[in-house]
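Before any comments, here is the structure.
Read the figures in this text as sums done on the coordinates, not as results from a lab. Quantities reported herein were computed from a predicted structural model and do not represent experimental measurements. Cβ: placed from backbone, ideal geometry, glycine included. Neighbour counts: every protein chain shown.
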Amino acid sequence: PQYHPAGDIIVLDRGEGTTAVIHLHGATVLSWKCHGVENLYMSQSAVFDNKKAIRGGIPVVFPNFGPWPLGPQHGFARIKRWSIAVPPRKDANGDVIVLFMLEADEETLAMWNYKFRLVYTVVLTATSLMSTLVVHNKDVKSLGFTCLLHTYLRVADLKHFRIEGLQGLIYVDKLKNGKEKKESREFVTVCKNYDRVYKDAPKRLNIVSGPEPVRNIELVTFNFPDIVVWNPWEEKAKEMPDFDDDGYTEMICVEPGKVLVPITLEAGQQYECKQTLICQF
Ligand code: BG6
């Protein structure tokens, strides 16, 4: 995909083939390579017009997960241009850190009349990618929101993919009118159109895929109690112009969020939430 207009992307390079690429449109992480192996899925037909949400990587969903009467699906954070609050720098360990910011403007106030500030920190270490979102209420009134990191993981072969750690959880099946069910499987696999929100998930989950290349990722979360697992499968993939027809065989979205029960922030308060993806070798 073409995403290279100068000034639009930030590259974090930790050396030894460990890199992350972030687009200012949506502060979307486009790529995360660990020792040369790409861990994120990016659609070949993704659109980089600084308008549409980027199909792949890690779009930031705020202030609303899902369809939204006040604005676009999944809110506006993923389609706004973020600013760089602190440019990339290396710390004493060689880890690379960058901070992005998004604040209310005329356009956001017109659809959602709250003053806010989002600070999004991305840290690249030798084996992990840490993404921290802090929502600040800068208004004089309370505000409510949901948020999520829409992480598109690259899977070498969906047949080998599984998530460990969801057994026993209640999930909301978005494809069955939000019907709730209990997950009975120790290893959650996906072989059809899948759109479920797992409630009160453990703070550590293992995501296994492979075998060539082996991608085992530990997902660690903070203040993201819900985990959305999404794959559009064949038919729905074809309906999305920016999604490759066979892309569904190479990806799975595992999306940590705070989506089932919105957060209310009083004036001046903040909410911090975080996902860490850790490569297991
Ligand atoms: C997931 C939702 O998070 O995102 C799905 O659970 C939705 O319902 C998917 O289809 C993709 O959304 P969008 O707006 O990026 O096409």
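Of the residues making up the range 7-27, those that are under 16 Å from THR125 (Cβ atoms), more than 17 Å from the chain's Cα centre (by Cα) and of a type in the set (Gly, Ala, Ser) number 2. Of all the numbered requirements in (1) more than 16 Å from the ligand (Cβ to nearest atom); (2) in contact with an Asp or Glu (Cβ under 9 Å, 6 or more places away or on another chain), LYS33 misses one, and that requirement is (2).
Name the one entry in ASN113, ASN93, ASN50, ASN64 that is without any contact (Cβ under 8 Å) to a residue 24 or more places away in the chain, among the polar types (S, T, N, Q) and either within 16 Å of the ligand (Cβ to nearest atom) or surrounded by fewer than 17 Cβ atoms within 10 Å (Cβ to Cβ) (or both). Exactly one residue qualifies, and that residue is ASN113. The number of residues in the range 192-218 that are outside any loop (DSSP other than H, G, I, E, B), touching a residue at least 60 places away in the same chain (Cβ under 8 Å) and either closer than 17 Å to VAL37 by Cβ or more than 16 Å from the ligand (Cβ to nearest atom) (or both) comes to 5. The residues of the range 207-231 that are of a type outside the set (A, V, I, L, M, F, W, C), more than 14 Å from GLU164 (Cβ to Cβ) and within 16 Å of the chain's Cα centre (by Cα), listed by number, are THR221, ASN223, PRO225, ASP226, ASN231.
The strands (runs of 3 or more DSSP E) falling completely within the range 39-146 that include 1 or more residues that are polar (S, T, N, Q) map to 83-90, 116-124, 128-137. Checking the structure you have, find out if any residue of the range 4-15 is within 15 Å of the ligand (Cβ to nearest atom) and free of Cβ contacts under 8 Å to residues at least 60 places away in the same chain. Scanning the range 4-15, I find no residue that is within 15 Å of the ligand (Cβ to nearest atom) and free of Cβ contacts under 8 Å to residues at least 60 places away in the same chain, so the answer is no.
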